[in-house]
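Novice: One structure, pasted below without further comment.
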Amino acid sequence: MTTSIKPFAIPELEARVRALIRRKFGATETTLSLGTLEANSASRQASVQGKPLDLSPREFAALEALLLKAGRVVSKEHLASHLYGWGDEVTDNAIEVCIFRLRKKLAPHDITIKTARGLGYLLDKLDNH
């Protein structure tokens, strides 16, 4: 008896893994949100107050990872595993640059990414009271 290996497409595998991660963290919806910020995991699009944000695929992946744990610290290791594939070499600087760019795009919308020194990053909304 021989077993055949079914071919698959990497984007399909990534989508299935994202769905498993969402379920693990209790996010069964494809849309994640924090205040007026929304990110649709299925379409890979983000918006604030309905206006699209221009994010690179890595910036979207970082935002998604942070939204899945909104209000909690996300370690650099967790971000690295969410942003990069198996065998990709990841440097701390690459993650810092991605977070820097994402911060810059979110700042005008009162959404901030705080650094928890030595621990990781925390996505939060600013209170303007």
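Novice: Among the numbered criteria (1) farther than 20 Å from R117 by Cα; (2) more than 9 Å from the chain's Cα centre (by Cα), which one does R72 miss?
Specialist: Unmet condition: (1).
Novice: I'd like the full set of residues that are surrounded by fewer than 12 Cβ atoms within 10 Å (Cβ to Cβ) and either part of a strand (DSSP E or B) or of a type in the set (A, V, I, L, M) (or both), limited to the range 43-52.
Specialist: K51, P52, listed by residue number.
Novice: If I filter the range 89-98 for residues that are more than 24 Å from G35 (Cα to Cα) and in contact (Cβ under 8 Å) with a residue 12 or more places away in the chain, do I get at least one hit?
Specialist: Yes, the range 89-98 contains at least one residue that is more than 24 Å from G35 (Cα to Cα) and in contact (Cβ under 8 Å) with a residue 12 or more places away in the chain.
Novice: Okay, next question. Considering only the range 92-101, I want to know if a residue exists there that is under 22 Å from Q49 (Cα atoms) and touching a strand residue (DSSP E or B) at 6+ places or on another chain (Cβ under 8 Å).
Specialist: Yes, that holds for at least one residue.
Novice: Looking at the range 97-114, which of the residues that are of a type outside the set (A, V, I, L, M, F, W, C) and farther than 12 Å from G71 by Cα is surrounded by the fewest Cβ atoms within 10 Å (Cβ to Cβ)?
Specialist: Applying the filter and picking the extreme gives P108.
Novice: Given the residues L122, L55, which is the only one that is touching a helix residue (DSSP H, G or I) at 6+ places or on another chain (Cβ under 9 Å), over 17 Å from V17 (Cβ atoms) and in a loop (DSSP other than H, G, I, E, B)?
Specialist: L55
Novice: Something else about it: Evaluate the following for A62: is it part of a helix (DSSP H, G or I), closer than 23 Å to R16 by Cα and of a type in the set (A, V, I, L, M, F, W, C)?
Specialist: yes
Novice: Is at least one residue of the range 73-84 among the hydrophobic types (A, V, I, L, M, F, W, C), touching a helix residue (DSSP H, G or I) at 6+ places or on another chain (Cβ under 9 Å) and at pLDDT 90 or above?
Specialist: yes
The values are calculated or read from the model by the stated rules, or taken from the named source; none is laboratory data. Only a predicted model underlies this, so the values are computations on that prediction, with no experimental measurement involved. Cβ: placed from backbone, ideal geometry, glycine included. Neighbour counts: every protein chain shown.
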